[in-house]
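This report concerns only the one structure given below.
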Amino acid sequence: MHIMEGFLPAKHAVAWSAASAPFVAYGIYSIKKRVAEHPEQRMLLGVATAFTFVLSALKIPSVTGSCSHPTGTGFGALLFGPAAMAPLGAIVLLFQAILLAHGGLTTLGANIFSMAIVGPFAAYGIFRMAQAIKLPFGLSVFLAAALGDLLTYVTTSLQLALAFPDPVGGFTASLAKFAGIFALTQIPLAASEGFLTVLVFNALARYNARELQSMNLPIPQEVKA
Amino acid sequence: MKPYQNISLIIAVIVLALIPLVTVQRPEPGPDGKKVEIFAGADGQAEDLIKQIVPDYKPWFEPFFEPPSGEIESLLFALQAALGAGFIGYYLGSAATRSRLQKELNRPRVD
């Protein structure tokens, strides 16, 4: 989902950066507030960032014959709310833009928007909906993480289609082409991200049940081991 | 806790990554006899598609630093994953120990 350095026209780059900035700012505020109220959650905040670090470093082959990577942002969005992931995801993207020439500084705003804003907000919303219709906790987490991941890549496709409409078919044709690269490749990877997120939640529920309950997550109580 | 859930989740992730390695066939080499590259990054493919849609598009900004080789790039990616996995492992390890010690403390003493 990384749009490469310099590969968004300047106007688009500026517009996406402007769109992302308020989310990052509000996210920093929400994290500060959370840490002031619950200093014990600082380590868990680190875990959310670390999860994104790991998952976005894993290039996994897909059935389309190309490789892509999960994003890992759904996990933190469920724990700390979607806004918190904007600055945390930005840290990961900045690391990759500066050290790996993966993504870029001019495309940072657009990449933050897809991975650290749309993904987490989608994951959070889907989780709430799944809980509202009383789906089991594990399934809700899976759907949230997997669909948040997928929608991140759909967003990247939209961003590129807006910037580079097809000379013949326009925006729609272009969107189909970019989605063919990003969204299709991402489907099995999104499922993997869903599975891994459930896995981490299982581990947390087992050892940190009390901490999770203070986060207003309906974690099922552990049955005696 | 459902006994086999975690192990099934891990197996599912591995299987999802293995399926493409078996099912995706490398296309025949083109007229130039070069091996066709498969499992390239989607990001790079999008870059190629941009060049195809707008052939005269020039990236207007270059990265300040690019990993000098594929090896160094994989070093940095491995470092990124290791940092994250190390932190998560540390956290879960200390959480597991803490919950075990707490259980021991709460156990009624027999002597």
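Assorted remarks:
- Positive-end residue, the protein assembly as shown charge dipole about Cα centroid, Cβ charges, pick of A:Gly148, A:Ala19, B:Ile88: B:Ile88
- Tilt relative to chain A, helix A:137-163 - C-alpha long axis, 0 to 90 degrees, to 10: 20 degrees
- Under the combined filter of DSSP loop state and at most 16 neighbouring Cβ atoms within 10 Å, the range B:1-97 retains these trypsin sites (Lys or Arg not before Pro): B:Lys34, B:Lys35.
- Compactness relative to 2.2 N^0.38 Å, alpha carbon Rg of chain A: 1.02
- Note on surface exposure: A:Trp16, B:Trp60 rank B:Trp60, A:Trp16 by accessible area, highest first, 1.4 Å probe.
- Per residue solvent-accessible surface (Å²) - the range B:5-106, probe of 1.4 Å: 68 Å²
- Angle of helix B:70-106 to the longest C-alpha principal axis of chain B, folded into 0 to 90 degrees and rounded to 10: 10°.
- Beyond 23 Å, the tail of the calculated P(r) for the range B:5-106 holds 62 percent of the Cα pairs.
- Loop-located GluC sites (Glu not before Pro) across the range B:16-111 with a Cβ neighbour count of 14 or fewer within 10 Å are B:Glu37, with loop assigned by DSSP.
- Estimated distance in nm for a label pair at B:Lys34 and B:Ala82, the labels positioned 7 Å out from Cα along Cα-to-Cβ: 3.3 nm
- Sparse-neighbourhood loop sites, trypsin sites (Lys or Arg not before Pro) in the range A:32-111 - DSSP loop, at most 10 other Cβ within 10 angstrom: none
- Per-residue shielding of A:110-122, expressed as the average number of other chain Cβ atoms within 10 Å of the residue Cβ, stands at 0.
- With a 10 Å cut-off around each Cβ of B:89-96, the average count of Cβ atoms from other chains is 5.
- Rounded to the nearest 10 degrees, the angle from helix A:10-37 to the longest Cα principal axis of chain A is 10 degrees.
- The Cα center of the range A:44-76 and the Cα center of the range A:145-169 differ in position by 18 Å.
The values are calculated or read from the model by the stated rules, or taken from the named source; none is laboratory data. Worth saying up front: this structure is predicted, and the values here are computed from it rather than measured. Positions of Cβ are generated from backbone atoms using ideal geometry, with glycine treated the same way; all protein chains shown enter the neighbour counts. Only protein heavy atoms, including side chains, enter the accessible area calculation; ligands, DNA and RNA are left aside. Shrake-Rupley method; radii C 1.70, N 1.55, O 1.52, S 1.80 Å.
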